[in-house]
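Notes follow the structure.
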Amino acid sequence: MRTLSITLKDLFDIPSAVIYNPDSYKPASSVSIDSRTVKKKSLFVAIEGEKFDGHDFVKEAINKGASSILINEKKYNKFNSLNIPIVTVKDTTIALGFLAKVWREKLRTKVIALTGSAGKTTTKEILSILLNEKYSINKTLENNNNHIGVPLTILSTNNKHDFLVLELGTNHFGEIAYTANIAQPDFAIITNIGNSHLEFLKNKNGVYKEKVELFKATVKNNGVLFINNDDKKLRNSFPDYHKRISFGIDQNSDVKGKILNYGFLGKPLIEIYYKNFKMQQLLPIYGEQNARNFLAAAAVALKLGLTKKEIEKASGKIKSIEKRLNVKKYNSFILIDDSYNANPESMKSSLGLLGKIKKFDKKIAILGDMYELGNDAKKFHKALFPFVKKSKIEVLFTIGKFMKELDGLFKGNEIIHKYFSNRTKLFEALKKLEINNSVILVKGSRRMKMEEFVKVIEEKAND
């Protein structure tokens, strides 16, 4: 199999590129921005980040085996004495994206790209597990889904991989168009359109406008679209496109799912139909949203030829992702660690799971602010009120500027509720809280650092 590489011609094609010592350049079989992971005969790209400047690690990268470097043109005088090929550009981050697109065009690997307001990382992980039963897979690690993470994931892929499962994230207009243009997807999924990143995307229409750029790039590449029929914004996307497969639980779809029931701990039993295919699967993960994530992944797996036996076998290997609807069972309580992030849809889904777990009657929720909701932040926090009541929560602790709005809706003694103006007081209250025979949910946006409150609860298991 021919080894992929970045050639001298590829470097000359980079906009604004100037190449010094080109005669000594050897094709680079890998590209790195981290001097700690540099391989021999690699091209090191110096990225200027918020915390670190890659130009400070150029010499370390060379000592590790990098045979050429790509730097900002303004930094050239610092490195002009080096006797190796040096590529200078106006913006090394844009150059990294260009190199990833060049690499993508050389790949025979098929690209499956995912985005969405909620569930994209979980769906990516489920799909990777399913496909790995039959194929060689590469995937986005963790949630490295931005303008740097997407190019690096593509550059980590080689022709030994049958499929790349690639996650695309965004919080500003234009970001999906940028990464999707680099990825050139053969298959695309948008999990859902929700009220996320509204600080910049304004409203659901803005979220749809940004996310649907993934479908546009896929159609341009004559790829396959997987349409979530249960999402009103997505249902009518590209209705006349010839490579379009729908999936859904609430609506009739090409791949139809049905949640038959939930187990004692909230694990869903799902039934799936596709053409002559039919299967039932008790999922090892929790809640309605994860059933929907599984259905999305199964729709792709079925299209790519996985058998019932392969899907059933792979399903048993699925695990909850850390800090994402991760149900942790202790002797006297159950903890739902969903501390990674939050938006209105995912918050409602997590509260729904809290209500579905039947092992313990007492329900406790520790909720932090949902960020990036723009001018409607107060409204979205207040809108959680009926979902808290439906989940039959007995104790509600809240923290954050906007969670005060939710707390203010509870009157009298209908539930035990308390708003905390600072973290220290909430820490102290959690240490004293009686949690035996309880199901506890901890959730909030990333900047709320809700995992710190998870740690306090976990420590109580050892008391």
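When region 434-452 is filtered for residues that are in contact (Cβ under 8 Å) with a residue 60 or more places away in the chain and outside any loop (DSSP other than H, G, I, E, B), the ones remaining, listed by number, are 438, 439, 440, 441, 442, 443, 446, 447, 448, 451. At least 2 residues being under 14 Å from residue 145 (Cα atoms) is the threshold, and among the strands (runs of 3 or more DSSP E) wholly inside region 158-229 those reaching it are 163-167.
Checking every residue in region 346-360 against the condition of being of a type outside the set (Phe, Trp, Tyr), surrounded by fewer than 15 Cβ atoms within 10 Å (Cβ to Cβ) and touching a strand residue (DSSP E or B) at 6+ places or on another chain (Cβ under 8 Å) gives at least one match. Every test in (1) buried (at least 18 other Cβ atoms within 10 Å of the Cβ); (2) out of contact with any strand residue (DSSP E or B) (no Cβ under 9 Å at 6 or more places or on another chain); (3) assigned by TED's automatic domain parsing to the domain that holds residue 245 is passed by residue 305 save one, and that test is (1).
On the stretch given as region 213-223, residues that are aliphatic (A, V, I, L, M) and surrounded by fewer than 22 Cβ atoms within 10 Å (Cβ to Cβ) total 1. Can you name every residue in region 410-428 that is exposed (fewer than 15 other Cβ atoms within 10 Å of the Cβ) and aliphatic (A, V, I, L, M)? Of everything in region 410-428, just one residue is exposed (fewer than 15 other Cβ atoms within 10 Å of the Cβ) and aliphatic (A, V, I, L, M), namely 416. Here residue 83 clears all of (1) touching a helix residue (DSSP H, G or I) at 6+ places or on another chain (Cβ under 9 Å); (2) at pLDDT 95 or above except the condition numbered (2).
Cβ-Cβ distances below 7 Å connect the following pairs, each with a first residue in region 85-98 that is more than 12 Å from residue 48 (Cα to Cα), a second residue that is assigned to a helix (DSSP H, G or I) and hydrophobic (A, V, I, L, M, F, W, C), and a separation of six or more residues or different chains: 86/79; 87/11; 89/95; 97/182. Answer yes or no as to whether residue 247 is surrounded by fewer than 21 Cβ atoms within 10 Å (Cβ to Cβ) and either hydrophobic (A, V, I, L, M, F, W, C) or touching a helix residue (DSSP H, G or I) at 6+ places or on another chain (Cβ under 6 Å) (or both). Spelling it out, it is not the case that residue 247 is surrounded by fewer than 21 Cβ atoms within 10 Å (Cβ to Cβ) and either hydrophobic (A, V, I, L, M, F, W, C) or touching a helix residue (DSSP H, G or I) at 6+ places or on another chain (Cβ under 6 Å) (or both). Looking for something under 16 Å from residue 187 (Cβ atoms) and modelled with pLDDT of 95 or more - is there at least one such residue anywhere in region 252-261? Among the residues of region 252-261, at least one is under 16 Å from residue 187 (Cβ atoms) and modelled with pLDDT of 95 or more, which makes the answer yes.
The values are calculated or read from the model by the stated rules, or taken from the named source; none is laboratory data. Just so we're clear, the structure is a prediction, and the values are computed from it rather than from any experiment. As a convention, Cβ positions derive from the backbone with ideal geometry for all residues, glycine included, and neighbour counts pool all protein chains shown.
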